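Below: one structure, written as structure tokens.
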Amino acid sequence: MNSTALIAEDEPLLAQALKSELAAAWPQLQVLATAGDGRSAVREALRLLPQVLFFDIRMPGLDGLGAAAELADRWPVDEAPMPQLVFVTAYDEYAARAFETQAIDYVLKPVQPERLRKTVLRLQQALAAQQQQQAKPAPAAADEALERTLAQWRELLAAAAGNGASAPPAASTAPLKMIAASEAGGSTVRMVPIDEVLYFEAADKYIRVLTATNEYLIRTPLKQLLAQLDPEIFWQVHRAVVVRSSAIEAVHRDEAGKLHLDLRGRPEKIPVSRLYGHLFRAM
């Protein structure tokens, strides 16, 4: 099976090692390009539309998780099917355990030929199934194939975000009740009840905390914040946005097919990423 791939790896020697091992394990695979950072990976992926992405989790600037999340939104599904996604990670027992238990794929650094062959076999099977699905003319078949790929991406991103780092998984904690946050533009710290928060939005080094009447700032990374929120109450709807589910008043689809939310008590519209569109399947 002739297929195409893009490698995103910030260490040139490791990128070349992966490319060489792929040539041995999958001679029919053409590596179209190698990117050294997340932004370049997104740009090259959208230009070349490869069938497989090998993304290093940790890269300067935009990391592999951020690059994948951005591509999930921007991928031109009318031109090419969503690619298969494989994360590349430094050897770590916690990362390996996370990915293995999810039955999704990853490549360890340094590249292990036997493990890579298993990954290649899974990719070949997934691409073959994707081609069979494409052969069906019904639009519903294409939608089904897209949703299946998006579900795989969601699982992979969740596993990588939760356990793909080089540290043990953090012990579970009780959901937040109060947030110590700074007033926007000021130096005063307020104790904000979590029950008043309508949504969180990641912005540069901060997270904006929005209530019906106020805006605050915290420095907690979104990944860390998510681990402290009740998932039944707060839904992630975008790589940078988490909303209170009970505050959702309406869901709109624009002319481009993208979803936006209206929240009770807030005037702005909240974008919904393609990755999380399944939450609003009725639309």
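Report yes if some residue within the range 39-46 is assigned by TED's automatic domain parsing to the domain that holds ARG148, under 13 Å from the mean Cα position of the chain (by Cα) and at pLDDT 90 or above; otherwise report no. Step through it out loud before you land on a result.
Within the range 39-46, the first condition is being assigned by TED's automatic domain parsing to the domain that holds ARG148, and the residues that meet it are 39-46.
With the extra rule that they be under 13 Å from the mean Cα position of the chain (by Cα), the set shrinks to 42.
Checking which are at pLDDT 90 or above leaves us with 42.
Checked the range 39-46: at least one residue is assigned by TED's automatic domain parsing to the domain that holds ARG148, under 13 Å from the mean Cα position of the chain (by Cα) and at pLDDT 90 or above.
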First in the range 229-256 and on the phi < 0 side of the Ramachandran plot, second anywhere and in a helix (DSSP H, G or I) and of a type in the set (Phe, Trp, Tyr), Cβ under 6 Å, 6 or more apart:
VAL237/TYR276; VAL251/PHE280
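In the range 177-283, which strands (runs of 3 or more DSSP E) lie fully inside it and hold 1 or more residues that are out of contact with any His (no Cβ under 9 Å at 6 or more places or on another chain), closer than 23 Å to LEU71 by Cβ and of a type in the set (S, T, N, Q)?
Details: elements: 178-183, 189-193, 199-203, 206-210, 215-218, 234-238, 241-244, 248-253, 259-263, 269-272.
In the range 177-283, the matching strands (runs of 3 or more DSSP E) lie at 234-238.
Report yes if ALA33 is under 10 Å from LEU6 (Cβ atoms) and among the small types (Gly, Ala, Ser), otherwise no. Break it down stepwise before answering.
On the way: under 10 Å from LEU6 (Cβ atoms): yes; among the small types (Gly, Ala, Ser): yes.
For ALA33, the condition - under 10 Å from LEU6 (Cβ atoms) and among the small types (Gly, Ala, Ser) - is met.
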Starting from the range 107-129, keep only residues that are free of Cβ contacts under 8 Å to residues at least 24 places away in the same chain and under 13 Å from PHE87 (Cβ atoms), then list their pairs with residues that are hydrophobic (A, V, I, L, M, F, W, C) and surrounded by fewer than 17 Cβ atoms within 10 Å (Cβ to Cβ) whose Cβ atoms are within a distance under 8 Å, requiring at least 6 positions of separation or different chains.
LEU108/ALA90; LEU108/ALA96
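Yes/no per residue for (1) among the small types (Gly, Ala, Ser); (2) loosely packed, with under 13 Cβ neighbours inside 10 Å; (3) more than 29 Å from LEU85 (Cα to Cα); (4) assigned by TED's automatic domain parsing to the domain that holds ALA67:
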position: GLY185; (1), (2), (3), (4): yes, yes, yes, no
position: ILE207; (1), (2), (3), (4): no, no, no, no
position: THR211; (1), (2), (3), (4): no, no, yes, no
position: GLN228; (1), (2), (3), (4): no, no, no, no
position: LEU259; (1), (2), (3), (4): no, no, no, no
position: ARG266; (1), (2), (3), (4): no, no, yes, no
position: SER273; (1), (2), (3), (4): yes, no, no, no
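Go over the candidates ALA184, ALA159 one by one and state the one that is touching a helix residue (DSSP H, G or I) at 6+ places or on another chain (Cβ under 7 Å) and at pLDDT below 80.
ALA159
Just to check your reading of the model, which residue among GLU21, GLU11 is more than 17 Å from GLN51 (Cα to Cα), over 25 Å from the mean Cα position of the chain (by Cα) and in the same structural domain as PRO113 (by TED's automatic domain parsing)?
On the way: GLU11 fails: over 25 Å from the mean Cα position of the chain (by Cα).
Result: GLU21 is the single residue among GLU21, GLU11 that is more than 17 Å from GLN51 (Cα to Cα), over 25 Å from the mean Cα position of the chain (by Cα) and in the same structural domain as PRO113 (by TED's automatic domain parsing).
The values are calculated or read from the model by the stated rules, or taken from the named source; none is laboratory data. All values derive from a computational prediction rather than experimental measurement. Glycine gets a Cβ as well: all are built from the backbone with ideal geometry, and neighbour counts include every protein chain shown.
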